[in-house]
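What follows is a set of notes on a single structure, which appears directly below.
The values are calculated or read from the model by the stated rules, or taken from the named source; none is laboratory data. All of these numbers come straight from a predicted model, not from anything done at the bench. Here the Cβ positions follow ideal geometry from the backbone for every residue, glycine too, while neighbour counts run over all protein chains shown.
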Amino acid sequence: MTADVIRFEHLAWTFGSGTLDAQLALQDASLCVRQGEVSALIGPSGAGKSTLVAFANGLHRPRRTGQALVLGCDTGDPAADLGALRARVGLVLQYPQLQLFERFVGDDVAYGPRQLGLSRPELRSRVLNAMSLVGLGEEYVDRRTFSLSGGEMRRVALAGVLAMQPEVLVLDEATAGLDPAGRQKIHELIRTLRANGTTILMVSNDLDQVAELADSVTILSQGRTVASGPVRTVLADREMLLAAGLAPTHAAAVAEEISAHGVSLPGDVLTASDLEEALWQKLRR
Amino acid sequence: MDAQERGIRRVVTAGLLLAVTLLLALTPVGFIPVPTPAGSATIAHIPSIIGGILEGPLVGLIVSLGFGFAAFLSPLVPVKDPLVIIVPRLAIGVVAALVYLGLRKANKAALLAILFVLLAAVLWAAKVVSEVYLWLGIAIAVLAVGGVLAGGLWLFRGDTQVVGLAAAGVAGSLTNTVLVLAAAVWRQVAGVTAPVAVSIGLMQGIPEAVISAIIVVAVVASVRQVGRRRGSRL
Amino acid sequence: MAEAASLRSVRLGRYWRTDSILHLMDPRSKLVAGGLITAATVVASSPWLVLMLFAGIVSLYMVARLPRAAILAALRPVLPLLLVLGLFQVVLGGEPAGLGGAGIPLLSWGPIHVSLARLIGAGLSVARLVSLVLLAALLLATTTISALVTGLEMLLRPLNRLGLPGHQLAMVGSIALRFMPILAEGLEAVQRAQLARTLGADRLSRWQVARNARRTAALIVPLFADAFRRVDDLTTAMLARCYRGGRGRTYYRHARMGGTDWVALGLAAAVLAFALAF
């Protein structure tokens, strides 16, 4: 049996609770990520996705209701060692390029691991390793942080989290606003990390991306978990997706269009390669 | 950059620095924990200093005015006398701008000379104070000598551009401390008498000045790409 | 920096939507009248006058049809400071003049003498501070930020004739207010991101000066970097849209002075004159 790395049960969250403009962000959200898998969290904007992933390293902690277990650590327990947890769970939030502050790229990437008390060569190799994972060569180490382009800054920020060598990586909309080449690089990175045994939770509202990368998926709508399970099962449920305010994948939409014109295709077409396969089968027949 | 663009840039810079000021003055982010009785040092005056350094005395003045208004309206500042809360703060950005402009072109010898003149002035002040409160005078003298030694050492290692930034940071911060406390004594604000003001000034003003220098250098050196260091510390 | 401290609750007063006459007043007259009453509260020396001003300001909350929660919300953040200042006053403060025999100590303990006059003096300065805090909160509770900026800009317009850039000053103010929430959102994101790669305790002791400074730099440098990035963007956008300062600019919102405004101004001026006279 593979262990659950992240297990959220019935979590609720209100921003500014107790004040006059309290804002309910999560009502009843549950989520489960197993060891070594890529799990996706999807939902329309405003569903509470970012609020939910902040439970993964104790940025948010369960208040009265629900439970959040991450790597066996119960973050609702006031005695939980969040410092230790944060060294094992890497969290890349939206607009990561905003978090850079050191004058030189290498120093910024080293900000996290420097606190681990590593020797200098060890630190340097970790930093270079993390930078090469995101496609930044050694020449970037001494570049000035604030002279980089937006895309480069984003990669530096990602490297800053990878340099901590987290067991679990949480990516909040890591590819939003990137060009197709940049998106492709992030996809490759996710595959590489998965092959290295890192457990990944990715937040996305791009169903095509999820269908291609993820093993399991959780769907959040208006602060509630409305579905979860293996990608193929969940994304095939069109009524549920529409009710949650999401559109099926492009390939699924095309398949439906073709079916509507009298050519019946199987109902479980999700990705472009599924569609290609189904069409070949049709043509061969 | 033509005159029109420069004018617009000034207005926009002042506006955004004022936004940063409001954020620092009205939220907990602007208060850094330090080991003094007050428990925290403010950094809300730093945008005024940076405005003065980057865009000149006028922008410094405008951001400082905004800082004064923010402090006046802030529910965290119970003293509501404009002569204590707003007027003295107008000088922060202006002083920082003038110090920066004055030191920008100075070489190491000139900086060292200025450092010693400052030391002499502070020692003289310490002598005057020691005639009233001996311990306070000795404390000031020890702090001054220590500060000059550290400053001199650092001067020989750092480069002059950074020294100018740090000096402007210190000068702007001390302007805030000294003028506000002087105004509080003059206007007889609750409980602030001259000795209280001097001890608050030393205990609160010095850490704030040091933090101000560090942050001004960090921000301007990062954003405007000055500084001698050419690579990371890896 | 326990859980990322919420910056959504910026500690400035908030706007309450009701349709009272205070809400309908011109922002210019509210600013001027507020200034006059502030001055009256600062100069008022007689205990009775201070109490009357305090009562007057509280009753304005009823005129504005604000819930009692609005008063509490305005006072809650300052309460501890007010208590400390009040105690300071009792121990070290002066005694208000004209209270005759009230200067006799009620309690003497070492160098500390607490007299009735000192208690009254402390009560008065606390009442004065509370009045001013309530007045500032009242202005913000009955006026939207954009109306406030328009009002300020119109009040500053005569400065143009003196060669002072009144319009540009107002522009600075409106840019600041417009971008403050945007920068706050960015700062909140940075705070979470840095917390996610910071090990050790969430909250450091205040003796860990170096580490505190480092954590602060990790928040403040990105904040300034964000602000400067926006300076570049906004300057370009304004140049592209041919911004030319205040000349020939028309206002989207036309404020108009009505009867209530003039009555309010007259009342406020009378209050100040009264405070100066007594």
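The residues of segment B:65-85 that are at pLDDT 85 or above and either more than 19 Å from residue B:171 (Cα to Cα) or within 12 Å of chain C (Cβ to nearest Cβ) (or both), listed by number, are B:65, B:66, B:67. Here residue A:80 meets each of (1) at pLDDT below 90; (2) within 10 Å of another protein chain (Cβ to nearest Cβ); (3) out of contact with any helix residue (DSSP H, G or I) (no Cβ under 8 Å at 6 or more places or on another chain); (4) crowded, with 16+ Cβ neighbours inside 10 Å with one exception, condition (2). Every condition in (1) hydrophobic (A, V, I, L, M, F, W, C); (2) surrounded by 19 or more Cβ atoms within 10 Å (Cβ to Cβ); (3) closer than 25 Å to residue A:48 by Cβ is met by residue A:251 except one, and the failing one is (3).
Only one entry in B:142, B:192, B:163, B:223 is at pLDDT 80 or above and surrounded by 14 or more Cβ atoms within 10 Å (Cβ to Cβ), namely B:163. The set of residues in segment A:195-210 being under 21 Å from residue A:48 (Cα atoms) and not polar (S, T, N, Q) consists of A:200, A:201, A:202, A:203, A:206, A:207, A:208, A:210. Take the residues in segment A:164-197 that are acidic (Asp, Glu) and assigned to a loop (DSSP other than H, G, I, E, B), then tell me which one is nearest to residue A:34 (Cα to Cα). Selected residue: A:167. Applying the criterion of at least 1 residues that are more than 7 Å from every other protein chain (Cβ to nearest Cβ) and modelled with pLDDT of 85 or more to the helices (runs of 4 or more DSSP H) found wholly in segment C:165-278 leaves C:209-240, C:259-277. List pairs: first residue in segment B:1-14 and at the interface with chain C (Cβ under 7 Å from one of its Cβ atoms), second residue exposed (fewer than 14 other Cβ atoms within 10 Å of the Cβ) anywhere in the structure, Cβ distance under 9 angstrom, at least six positions apart or on different chains. Between residues of segment B:1-14 that are at the interface with chain C (Cβ under 7 Å from one of its Cβ atoms) and residues that are exposed (fewer than 14 other Cβ atoms within 10 Å of the Cβ), the close pairs are B:9/B:1; B:9/C:232; B:12/C:232.
Within segment B:43-68, the residues that satisfy the criterion of being small (Gly, Ala, Ser) and either touching a Pro at 6+ places or on another chain (Cβ under 6 Å) or not in a loop (DSSP other than H, G, I, E, B) (or both) are B:48, B:51, B:52, B:60, B:64, B:66, B:68.
Reported count of residues in segment C:42-66, each being of a type outside the set (Gly, Ala, Ser) and at pLDDT below 85, is 3.
For residue A:184, the conditions (1) surrounded by fewer than 21 Cβ atoms within 10 Å (Cβ to Cβ); (2) within 14 Å of chain C (Cβ to nearest Cβ) are fulfilled apart from (2).
A quick yes/no check of all residues on (1) surrounded by 21 or more Cβ atoms within 10 Å (Cβ to Cβ); (2) out of contact with any strand residue (DSSP E or B) (no Cβ under 9 Å at 6 or more places or on another chain):
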position: A:188; (1), (2): no, yes
position: A:191; (1), (2): no, no
position: A:194; (1), (2): no, no
position: A:198; (1), (2): no, no
position: A:201; (1), (2): yes, no
position: A:220; (1), (2): yes, no
position: A:227; (1), (2): no, no
position: A:230; (1), (2): no, no
position: A:238; (1), (2): no, yes
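Only one entry of A:147, A:132 meets the criterion of being of a type in the set (Gly, Ala, Ser) and at the interface with another protein chain (Cβ under 10 Å from one of its Cβ atoms), and that entry is A:147. Do we have any residue at all in segment A:120-141 that's modelled with pLDDT of 90 or more and in contact with a strand residue (DSSP E or B) (Cβ under 8 Å, 6 or more places away or on another chain)? Checked segment A:120-141: at least one residue is modelled with pLDDT of 90 or more and in contact with a strand residue (DSSP E or B) (Cβ under 8 Å, 6 or more places away or on another chain). Considering segment A:71-156, there are no qualifying helices (runs of 4 or more DSSP H) wholly inside with 2 or more residues that are at positive phi and out of contact with any Asp or Glu (no Cβ under 6 Å at 6 or more places or on another chain).
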